[in-house]
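Read the structure below first, then the notes.
Read-outs throughout are calculated quantities, based only on the coordinates presented, and are distinct from any laboratory measurement. Treat the numbers as computed from the prediction; the structure is a model and nothing was measured. Using ideal geometry, Cβ is built from the backbone for each residue, glycine included, and neighbour counts are taken over all protein chains shown.
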Amino acid sequence: MGENYAAELIEKAEALRDESVAWHYLGAIQTNKIGRLAPVTDVFESLMREREAEAIGARKPDAKVMVQVDLTGKPGRNGAPLDDVEPLVHRARALGLHVEGLMTVAPIEPDAARKAFRAVKDLATELGLRECSMGMTDDLEIAVEEGSTMVRVGRALFGARSASK
């Protein structure tokens, strides 16, 4: 199960208390929230800076992480630029974190999404990473065609979030 909001992940994980559920934190990682997220998060899918890796490693040694890649270059988008991904993967590993793979949110245009997914899959392969969390409700078919091993389809399953989120 995945969640974008720290408070909601913590609330849901504590309410469910089911060890068979693996919780993926998908939202932007704020270092001040890692202490609360660490006990209930199985995979941090949105690692994009070294300071986040250090904070996770300090609070949850051996944590599983995925590095989020931004291929849009647009302001306000989360993720490490492509050129920063390999050094971040190496640094996270040096800190004892288990880098499971890469994650991306693609551009909206189908051709650009395909190109982004292909670039992320190629980089994951180059780095020896097995997972690619790529694709959401609107672009999951393209993501799967390009090698995604995980898709995020919450809106397809649960509907749109309310505007208050």
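Dipole check for the stretch 9-165: with +1 at the C-beta of Lys and Arg, -1 at the C-beta of Asp and Glu, and the Cα centre as origin, the magnitude is about 540 Debye.
Ordering of 13-20, 63-70 by packing is 63-70, 13-20, highest average first (other Cβ atoms within 10 Å, averaged per residue). For the chain, modelled as a GNM whose springs connect Cα atoms under 10 angstrom apart, the maximal fluctuation among Pro75, Pro39, Pro110 occurs at Pro75. Using a cutoff of 8 angstrom between alpha carbon atoms and counting only pairs six or more residues apart, the relative contact order for the stretch 1-133 works out to 18 percent. For a paramagnetic label modelled on Glu54 (point 7 Å from Cα along Cα→Cβ), amide N atoms under 15 Å away belong, within the stretch 1-43, to 31-32. Report note on the peptides 116-124, 97-105: ranked by the mean count of other C-beta atoms within 10 Å, highest first, their order is 97-105, 116-124.
Each other residue within a Cβ distance under 13 Å of Ala63 adds +1 if Lys or Arg and -1 if Asp or Glu, for a net charge of -2.
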